[in-house]
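Reading through the structure tokens given below for one structure.
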């Protein structure tokens with residue numbers, strides 16, 4: 001009998017009722033993270049059918065997508081002043097739903113409010129071996145801990161609230177073996193962008209990816225989260241990295257991590273989750289990153305990506321390619337570098353943690369954001385904000401001329417007051433460059449925090465390796 | 001959920017690959033706390049110009065489009081976000097099936113819970129459909145096939161359980177709720193607690 005992969009171990013550990021030809025498995029969820037956008041209709045459903053939340057203790061609730069990133073001193077009055085009425089209503093609905101159903105909400109003023117996929121790991125709720133879901137596709141982020149994190153729709157949010165379970169069929173598995181040492185100026189974001197460029201936005205569909213190899217072992221947890229975060233952009237169900245000593249050290253002492261004897265038992269169990277040497281996968285991809293360059297997208301999905309020193313590919317007549325470069329107002333066979341930049345956004349569940357902010361500070365220190373550029377730097381959570389300020393990073397950001405904001409999803413998705421104007425081009429550390437993603441008519445170029453910072457200074461898309 | 005066994009309709013063709021859920025329903029419409037009238041937001045930035053006027057020539061703006069139940073789209077339809085608002089808006093607009101060579105996972109799962117049938121067909125059938133907008137096609141959930149105007153039947157894969165729920169017009173929640181005792185047993189017998 002062959003060994004089991006990390007994914008198989010976690011999958012098998014959560015099957016309540018096995019799948020059959022006629023029925024999916026009943027699959028247990030250890031942690032349900034919720035936010036204001038994808039829950040209202042689910043709570044309405046519970047209310048209408050008289051159901052309770054089965055395990056409010058396994059729900060982690062916060063508000064991030066439609067929240068403003070300017071300071072909120074008081075929930076009621078400030079919401080009216082800075083938000084559209086609909087997002088304000090949705091936020092109030094979240095408060096009401098959590099109160100009614102007995103769920104603790106990390107709301108405004110809470111020390112732990114922030115982007116769903118930033119706060120879970122911060123408070124130690126994200127742990128190896130757990131199944132973690134959220135009504136948000138970037139739930140794959142939690143896979144960095146050897147958890148199985150995946151996005152679900154609002155109906156399934158209702159399922160989990162009512163039963164703590166989902167109906168699931170077991171996906172296929174894909175191993176991505178990553179080798180090579182990253183060059184200076186190249187970071188985790190560049191690795192995942194290159195992978196999506198290689199396998200395509202549907203390359204991972206139907207699969208859970210495991211990221212393996214020496215390169216992965218050398219990354220810190222925040223860098224691993226950046227990679228797992230964008231698994232969904234390759235169409236994958238989830239993306240996982242086996243826990244190791246780096247994972248253990250990150251979790252040690254965190255608020256919801258096990259303590260004392262429980263901690264020792266947990267560590268032993270977590271370290272046993274790694275894929276067995278003879279585990280098999282449905283598909284395997286190899287990626288050598290020793291010569292990897294910073295990456296930038298040129299088109300309107302994350303797979304349309306190019307190394308920063310290379311030109312946009314030639315036009316082969318493909319309709320999607322033409323539609324994309326037309327929307328982005330870029331040209332085949334031309335480099336992306338030198339393209340005028342209007343906005344630079346550092347933030348999102350992909351890159352808004354201390355590793356990212358320190359990289360940006362390292363480049364902005366003693367330099368100025370170009371006059372023609374508006375730069376927003378948005379910490380992933382209140383905790384990240386506090387830590388960045390304790391290290392004086394905020395002073396570096398503001399001295400350079402960037403805006404330092406409150407935590408939230410901000411400009412990733414044009415759902416709150418941080419939006420691009422029509423035609424504006426933004427170098428963004430977020431995860432999607434779809435048409436209009438950051439605001440109708442907005443043009444998004446995905447990049448690493450380093451590339452974003454270099455571009456902010458230059459006023460055009462710039463290679464971070466060339467910043468003196 | 002509405003009961004669907006089979007239905008026949010002219011097709012609307014959206015000849016674009018990788019249509020993502022931000023196009024299907026832009027994020028600014030996700031602030032709704034209900035599902036009412038969400039069909040108005042369907043493909044909002046492709047259907048309406050900056051002044052809110054319908055853009056001529058977009059397939060879903062053609063006269064009669066709101067009566068067509070079948071959308072034929074390029075590969076990898078529904079990629080991107082997990083927003084269930086995407087199938088909700090398609091359904092509210094009147095669409096009951098999306099036909100493509102590839103449909104993204106989360107979107108597919110969400111669709112099946114909302115009486116929107118994701119239909120995967122081979123490249124040849126897809127090419128014919130893409131080249132023949134307005135063709136009368138039958139989607140037969142019971143027989144797991146679509147039938148083209150010339151009578152040709154093309155089978156499509158569909159999860160047995162999801163198919164059963166669509167045929168009966170029941171949602172999946174009921175089945176899950178019946179498992180509560182097994183869920184309690186699982187919780188009590190775990191080797192570790194979350």
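The values are calculated or read from the model by the stated rules, or taken from the named source; none is laboratory data. Remember, predicted model here, so these are calculated numbers, not experimental data. Virtual Cβ from ideal backbone geometry, glycine too; neighbours counted across all protein chains shown.
Annotations for the structure displayed:
- Scanning region A:137-166 for residues that are under 19 Å from residue A:103 (Cβ atoms) and within 9 Å of another protein chain (Cβ to nearest Cβ) yields a count of 13.
- Residues satisfying the stated conditions in region A:373-394, i.e. out of contact with any strand residue (DSSP E or B) (no Cβ under 9 Å at 6 or more places or on another chain) and part of a helix (DSSP H, G or I): A:386, A:387, A:390
- Which numbered condition residue A:160 fails, given (1) touching a helix residue (DSSP H, G or I) at 6+ places or on another chain (Cβ under 8 Å); (2) touching a residue at least 12 places away in the same chain (Cβ under 8 Å); (3) not assigned by TED's automatic domain parsing to the domain that holds residue A:211: (1)
- Check on residue B:54, surrounded by fewer than 21 Cβ atoms within 10 Å (Cβ to Cβ) and more than 7 Å from every other protein chain (Cβ to nearest Cβ): yes
- Count - residues of region B:162-185 that are under 20 Å from the mean Cα position of the chain (by Cα) and assigned to a helix (DSSP H, G or I): 8
- Only residues that are at positive phi, in contact (Cβ under 8 Å) with a residue 12 or more places away in the chain and out of contact with any helix residue (DSSP H, G or I) (no Cβ under 8 Å at 6 or more places or on another chain) were counted across region B:136-189, and they come to 1.
- For region B:29-46, taking the residues that are more than 11 Å from chain A (Cβ to nearest Cβ) and over 29 Å from residue B:149 (Cβ atoms), the one that is surrounded by the fewest Cβ atoms within 10 Å (Cβ to Cβ) is identified as B:37.
- The residues of region A:174-199 that are surrounded by 24 or more Cβ atoms within 10 Å (Cβ to Cβ) and within 14 Å of chain B (Cβ to nearest Cβ), listed by number, are A:174, A:196.
- Identification of strands (runs of 3 or more DSSP E) wholly contained in region A:1-46 with 1 or more residues that are without any contact (Cβ under 8 Å) to a residue 60 or more places away in the chain yields A:15-17.
- Hey, residue B:129 surrounded by 21 or more Cβ atoms within 10 Å (Cβ to Cβ), away from chain A (no Cβ under 14 Å), farther than 28 Å from residue A:237 by Cα and at pLDDT 95 or above or not: yes
- Selection count, region B:5-28, where residues are more than 9 Å from every other protein chain (Cβ to nearest Cβ) and either within 30 Å of residue A:303 (Cβ to Cβ) or at pLDDT below 95 (or both): 7
- Those helices (runs of 4 or more DSSP H) of region A:174-282 in which at least 3 residues are within 22 Å of residue B:18 (Cα to Cα) and either without any contact (Cβ under 8 Å) to a residue 12 or more places away in the chain or touching a strand residue (DSSP E or B) at 6+ places or on another chain (Cβ under 6 Å) (or both), considering only elements entirely within it, cover A:188-199.
- Test: residue in region A:408-425 that is under 19 Å from residue A:295 (Cβ atoms) and either at pLDDT below 95 or in contact with a strand residue (DSSP E or B) (Cβ under 9 Å, 6 or more places away or on another chain) (or both): yes
- Test: residue in region B:89-105 that is buried (at least 24 other Cβ atoms within 10 Å of the Cβ), within 13 Å of another protein chain (Cβ to nearest Cβ), touching a strand residue (DSSP E or B) at 6+ places or on another chain (Cβ under 6 Å) and under 21 Å from residue A:439 (Cβ atoms): no
- Residues within region A:435-454 that are within 14 Å of another protein chain (Cβ to nearest Cβ) and within 16 Å of the chain's Cα centre (by Cα), tallied: 3
- Strands (runs of 3 or more DSSP E) contained entirely in region A:116-173, each with at least 3 residues that are more than 23 Å from residue A:279 (Cβ to Cβ): A:165-168
- Residue in region A:79-88 that is outside any loop (DSSP other than H, G, I, E, B), within 14 Å of chain B (Cβ to nearest Cβ) and at pLDDT 95 or above present: no
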